[in-house]
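Data first, discussion second: the structure below is written as structure tokens.
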Amino acid sequence: MKKLILLTLLVTSTSFAQKFQWSETSTTIENEADYKIENYFYGRLFKLKTKYNQETFNKDVLVDILDPRDDFESEVVNASLEQPVMGLNMKTLIDLFQLNEKNFVYFVTEFDKSTKMNELFWMTANIDTGSKTKHKFITSFAGKNGVNPGDYYVAQSPNKEFYVALKVPSYDKKVNQKITFTLIDKTFKVVKEKEYEFPFSSKQSGNQQLFVSNEGVVFMVKEIELPKVKPYKSVYIWNPSTDAVVEETLKLENDLQIHQLKGQFYESDFYIQGLYTDKNSRDFQFNVSYSGSDGVNSLGVVCAKFDGKGARKYLTLNNTGKINDLNIKDFVFSGDKTWALMDHMFVISKRRPLAQTNMKIINDYTYSNNGIEVGLINNTTGVLEWLHSTKISHPSTTNDNGDLISFMYNVTNEGVTLIYNQHISIYQSKLPILQNYTKTGKLINSTPLPNTLPNKYSLDNSTFVKVENNKYMVRCKLGNSAKYGYLTF
């Protein structure tokens with residue numbers, strides 16, 4: 001077992017001290033470009049990576065497992081649905097959710113050609129071993145054919161006691177769109193279903209985001225595009241106890257539009273926090289990364305709050321003035337306030353010529369970022385109390401998920417700590433910068449952290465995983481080479 005290299009920095013101008021420890025050996029980074037990556041720590045680090053595979057028409061699930069007890073020695077587990085030797089698996093993994101630690105539930109669909117029913121199943125999988133249970137049936141609805149069977153969308157409640165499956169039938173512009181909410185309990189039994197008909201066809205129906213509370217109340221944020229009207233969003237709330245579906249519009253005055261949002265539950269309430277613009281949705285970039293950046297100039301922060309039964313408490317617009325390429329990093333609750341953490345990340349996708357890729361669709365993603373925005377929202381009113389901007393400068397990066405040009409954050413009862421990279425030159429590694437803010441908006445310090453990284457390596461902001469109080473697992477990169485270690489506050 002190799003020892004960790006210890007690099008220590010004491011910030012003498014403040015009461016803060018940071019200590020980095022890095023592994024002696026390096027590992028090669030593979031299969032991360034354009035993957036959605038979630039990190040979990042249970043004695044070892046589990047990097048869960050998911051991505052749609054256009055060759056198998058299914059979702060790949062790969063798990064990088066790193067053991068800090070053995071100098072971060074790594075192994076890879078393929079937790080995808082198994083493919084037959086000949087042909088393709090007709091079942092499609094549409095989503096997965098954590099049950100406990102290393103155990104996950106997979107939601108899988110399959111179109112039955114004989115009955116023309118689009119069926120939904122569940123199965124469990126262990127991301128440590130890759131082992132899976134047999135699939136079990138949940139529900140179904142009628143589809144047109146295997147090419148156009150309709151869609152399922154699934155969400156999990158924060159306490160993991162409920163799931164909601166949204167059934168969206170095949171596209172039909174001639175009739176009003178009908179959907180079905182299916183409430184499912186933690187044993188994956190159907191509790192209740194509710195069909196709902198919109199006063200418009202599938203043609204006017206856009207993307208939707210689905211949520212379900214700890215009490216089983218369903219919230220759906222849906223994009224609507226009616227003729228001669230600028231697109232807008234509405235929230236549809238289904239309370240199974242009353243069996244009513246209620247629409248609460250998020251249509252803003254003066255043709256403003258919500259172009260990015262995050263919905264989440266806190267205590268017994270549901271919050272929507274996002275960004276709004278005066279641009280038309282047709283002006284948005286079509287290729288959007290997992291970060292959600294869309295290249296639209298934001299005008300402000302929008303906040304909405306609903307109680308546990310779905311009644312709206314407020315819809316508040318916070319004008320920030322025009323901010324280019326603003327992108328949501330996260331909205332993090334802290335008592336009666338919410339930290340608004342954003343950056344100026346912009347992602348451009350460009351398809352490679354098919355003739356050069358053996359007719360496979362391969363996109364190159366270019367990431368740019370020149371600033372960070374941090375602010376604080378009052379949960380009672382939705383008012384953005386303050387917003388602080390930090391300008392940074394980076395050359396653009398390609399196919400790395402923007403890991404070096406975003407930032408890490410740590411929220412405490414006292415405030416928030418940010419760590420981001422500052423570009424020095426193409427011959428030097430990026431310099432980590434640490435900032436601390438109080439809840440009153442005071443910037444306590446903005447301190448460079450020199451001599452804390454292995455030679456020529458730069459801090460990778462994609463890995464910041466809590467292993468114990470004030471101690472986080474981190475990663476630094478040099479091309480496709482990475483070193484893992486710890487950051488202690």
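The values are calculated or read from the model by the stated rules, or taken from the named source; none is laboratory data. From a predicted model like this one, the values you see are computed outputs, not experimental measurements. Note that each Cβ is placed from the backbone with ideal geometry, even for glycine, and that neighbours are counted across all protein chains shown. Ligands, DNA and RNA are stripped out before the accessible areas are found, and what is left, the full protein with its side chains, is counted by its heavy atoms. Shrake-Rupley method; radii C 1.70, N 1.55, O 1.52, S 1.80 Å.
Collect the residues in the stretch 118-141 that are part of a loop (DSSP other than H, G, I, E, B) and exposed (fewer than 14 other Cβ atoms within 10 Å of the Cβ), keeping them in residue-number order.
First, the residues of the stretch 118-141 that are part of a loop (DSSP other than H, G, I, E, B): 127-131, 133-135.
Passing the criteria: Thr129, Ser131, Thr133, Lys134.
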Every residue from the stretch 71-104 that is part of a strand (DSSP E or B) and of a type in the set (Gly, Ala, Ser): Ser74
Every residue from the stretch 39-87 that is among the basic types (Lys, Arg) and under 18 Å from the mean Cα position of the chain (by Cα): Lys47, Lys49, Lys51, Lys59
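Yes/no per residue for (1) open to solvent by less than 40 Å² (accessible area, probe 1.4 Å); (2) of a type in the set (Gly, Ala, Ser):
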| site | (1), (2) |
| --- | --- |
| Gln21 | no, no |
| Tyr40 | yes, no |
| Lys49 | yes, no |
| Tyr52 | no, no |
| Val63 | yes, no |
| Asp67 | yes, no |
| Ala79 | yes, yes |
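Just one of Lys174, Lys144, Lys178 is open to solvent by 40 Å² or more (accessible area, probe 1.4 Å), farther than 23 Å from Phe97 by Cα, in contact with an Asp or Glu (Cβ under 8 Å, 6 or more places away or on another chain) and without any contact (Cβ under 8 Å) to a residue 60 or more places away in the chain; which is it? Can you show your working first?
Details: Lys174 fails: in contact with an Asp or Glu (Cβ under 8 Å, 6 or more places away or on another chain); Lys144 fails: in contact with an Asp or Glu (Cβ under 8 Å, 6 or more places away or on another chain).
So the residue among Lys174, Lys144, Lys178 that is open to solvent by 40 Å² or more (accessible area, probe 1.4 Å), farther than 23 Å from Phe97 by Cα, in contact with an Asp or Glu (Cβ under 8 Å, 6 or more places away or on another chain) and without any contact (Cβ under 8 Å) to a residue 60 or more places away in the chain is Lys178.
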Residue under evaluation Glu195, criteria (1) in contact (Cβ under 8 Å) with a residue 24 or more places away in the chain; (2) in a strand (DSSP E or B), criterion not met: (1)
One residue from Ile361, Ile348, Ile377 being open to solvent by 60 Å² or more (accessible area, probe 1.4 Å), in contact (Cβ under 8 Å) with a residue 60 or more places away in the chain, in a strand (DSSP E or B) and not charged (D, E, K, R): Ile348
Tally of residues being over 23 Å from the mean Cα position of the chain (by Cα) and either surrounded by fewer than 18 Cβ atoms within 10 Å (Cβ to Cβ) or of a type in the set (Lys, Arg) (or both) across the stretch 454-470: 5
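Hey, among Thr12, Thr25, Thr56, which residue is modelled with pLDDT under 90, in a loop (DSSP other than H, G, I, E, B) and of a type outside the set (Lys, Arg)?
On the way: Thr25 fails: modelled with pLDDT under 90; Thr56 fails: modelled with pLDDT under 90.
That would be Thr12, the only listed residue that is modelled with pLDDT under 90, in a loop (DSSP other than H, G, I, E, B) and of a type outside the set (Lys, Arg).
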Enumeration of residues in the stretch 33-43 that are under 18 Å from Leu99 (Cα atoms) and either part of a loop (DSSP other than H, G, I, E, B) or among the charged types (D, E, K, R) (or both): Glu38, Gly43
Any hit, the stretch 201-220, residues being acidic (Asp, Glu), open to solvent by 30 Å² or more (accessible area, probe 1.4 Å) and under 20 Å from Val302 (Cβ atoms): no
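I'd like the full set of residues that are of a type outside the set (A, V, I, L, M) and surrounded by fewer than 18 Cβ atoms within 10 Å (Cβ to Cβ), limited to the stretch 380-389.
So in the stretch 380-389, the residues of a type outside the set (A, V, I, L, M) come out as 380-382, 385-386, 388-389.
Selection gives Thr380, Thr381, Glu385, Trp386, His388, Ser389.
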Extreme residue, farthest from Gly206 (Cα to Cα), among residues of the stretch 159-177 that are modelled with pLDDT of 95 or more and of a type in the set (Lys, Arg): Lys160
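Going residue by residue through the stretch 414-425, is there one that turns out to be open to solvent by 60 Å² or more (accessible area, probe 1.4 Å) and in contact with a Lys or Arg (Cβ under 8 Å, 6 or more places away or on another chain)? Working first, answer last.
Filtering the stretch 414-425 for residues open to solvent by 60 Å² or more (accessible area, probe 1.4 Å) gives 414, 424.
Now drop any that are not in contact with a Lys or Arg (Cβ under 8 Å, 6 or more places away or on another chain), which leaves 414, 424.
Yes, the stretch 414-425 contains at least one residue that is open to solvent by 60 Å² or more (accessible area, probe 1.4 Å) and in contact with a Lys or Arg (Cβ under 8 Å, 6 or more places away or on another chain).
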Residue match in the stretch 326-342 (condition: part of a loop (DSSP other than H, G, I, E, B), touching a residue at least 60 places away in the same chain (Cβ under 8 Å) and either farther than 26 Å from Lys36 by Cα or touching a Phe, Trp or Tyr at 6+ places or on another chain (Cβ under 8 Å) (or both)): yes
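For the subset of the stretch 242-253 comprising residues that are touching a residue at least 24 places away in the same chain (Cβ under 8 Å) and farther than 27 Å from Lys329 by Cβ, which member is surrounded by the most Cβ atoms within 10 Å (Cβ to Cβ)?
In the first step, residues of the stretch 242-253 are kept if they are touching a residue at least 24 places away in the same chain (Cβ under 8 Å); the result is 243, 245-246, 248, 250, 252.
Keeping just the survivors that are farther than 27 Å from Lys329 by Cβ gives 243, 245-246.
Details: Asp243: 9, Val245: 18, Val246: 14.
Here the answer is Val245.
Among Lys194, Lys102, Lys189, which is the only one that is of a type outside the set (Val, Ile, Thr) and open to solvent by 70 Å² or more (accessible area, probe 1.4 Å)?
Numbers: Lys194 fails: open to solvent by 70 Å² or more (accessible area, probe 1.4 Å); Lys102 fails: open to solvent by 70 Å² or more (accessible area, probe 1.4 Å).
So the residue among Lys194, Lys102, Lys189 that is of a type outside the set (Val, Ile, Thr) and open to solvent by 70 Å² or more (accessible area, probe 1.4 Å) is Lys189.
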